[in-house]
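Worksheet: the structure to be examined is printed underneath.
The values are calculated or read from the model by the stated rules, or taken from the named source; none is laboratory data. Predicted, not measured: the structure shown is a model, and the values here were computed from it. Cβ sites come from the backbone with ideal geometry, for glycine too, and all protein chains shown count toward neighbours. Calculation scope for accessible area: heavy atoms of the full protein, side chains included, ligands and nucleic acids excluded. Shrake-Rupley method; radii C 1.70, N 1.55, O 1.52, S 1.80 Å.
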Amino acid sequence: MIDTKKIITKSSSEAEIPDSQLCTVYRCGPVIEVVSVKKRNRNPPKVRRLPNNQYMDLSTGEVKECQQHTRAHSDSLRKSFVTLRRLISKNFQGSINELMLVLTYSVLMTDTTQLYKDFKTFFAKLQYHYGPLSYISVIEPQQSGSWHFHVLVKKKEFGLLYIPKEHLDKLWGHGFTYVQRIKEVDNVGAYLTSYFKNIDMLEGTTASENGKNKMIIKNARLQFYPHGVRIYRCSKDIKRVSPITLPYSKVKEIVGDMKPVRQS
């Protein structure tokens, strides 16, 4: 269990934040994240997102197609991973009632609709055998174009959660599976989301599977996520992170004399 609070403080500069300046505070389990922006954007939005990968230019009323692999898409993905990081940290701390599962396909799987149908069937069977569970599922594209799942699961009643790999293989039934304990690190959300975004250049080889000679490229996997795909889903009982806005003087009362882990 993680029983020490960590603070992630981000500001627009390394200068001291005035006590009166408003900050956005996210309480994510053992992590308190404080975001301070020196100058907030007060300008009205210039575009509005529409269904079917379209957007409207509000200045002209013109409807346009979103361009594939744009910087806006990358920014959107990064924001999704920030939200995912906070969600994981809020709900998972590496306790004995938590596990991470990896579910892969033995064939090329590119149909995201079928992907989630398979997961829904699998999770129903998993709960039948192991009781009520909470989950956060993340889909990850491989370099081959095939999707696979990373699933964080937690028993709703505290107690050891143990799933034999042989049984997990049988319940999933579509390919290779892997099960492991979630590491007891200071920031589980940051640890796991960086794992989801990075690419091991030896992916799919024996060296990678054995955990040896890894060649990691940070954030390289983002390029394989197409537009319009939800990268994660979770059970209804997963606790959401609701930000609060406070002056920095109040933030200091909350965190006391603890020093920030990261500042930029």
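Which of the residues spanning the range 229-257 are within 30 Å of Leu133 (Cβ to Cβ) and in a loop (DSSP other than H, G, I, E, B)?
Passing the criteria: Val229, Arg230, Ile231, Ser235, Lys236, Asp237, Ile238, Lys239, Arg240, Val241, Ser242, Pro243.
Mind listing whichever residues of the range 14-28 are modelled with pLDDT under 85 and open to solvent by 40 Å² or more (accessible area, probe 1.4 Å)?
Selection gives Glu14, Ala15, Glu16.
Kindly indicate whether Leu108 is farther than 15 Å from Tyr225 by Cβ, touching a strand residue (DSSP E or B) at 6+ places or on another chain (Cβ under 6 Å) and not in a helix (DSSP H, G or I).
no
Which residue pairs have Cβ atoms under 7 Å apart, sit 6 or more places apart or on different chains, and have a first residue in the range 233-261 that is under 15 Å from Phe92 (Cβ atoms) and a second that is at pLDDT below 95 and among the basic types (Lys, Arg)?
Going by the 7 Å Cβ cut-off, the qualifying pairs are Lys239/Lys90; Val241/Arg86; Val241/Lys90.
Which residue is modelled with the lowest pLDDT, if the candidates are limited to the range 67-94 and must be surrounded by fewer than 17 Cβ atoms within 10 Å (Cβ to Cβ) and in a loop (DSSP other than H, G, I, E, B)?
His69
Working carefully through the options Glu157, Glu166, Glu184, Glu140, find the one that is under 19 Å from Lys236 (Cβ atoms) and acidic (Asp, Glu).
Going through Glu157, Glu166, Glu184, Glu140 in turn, the sole match is Glu157.
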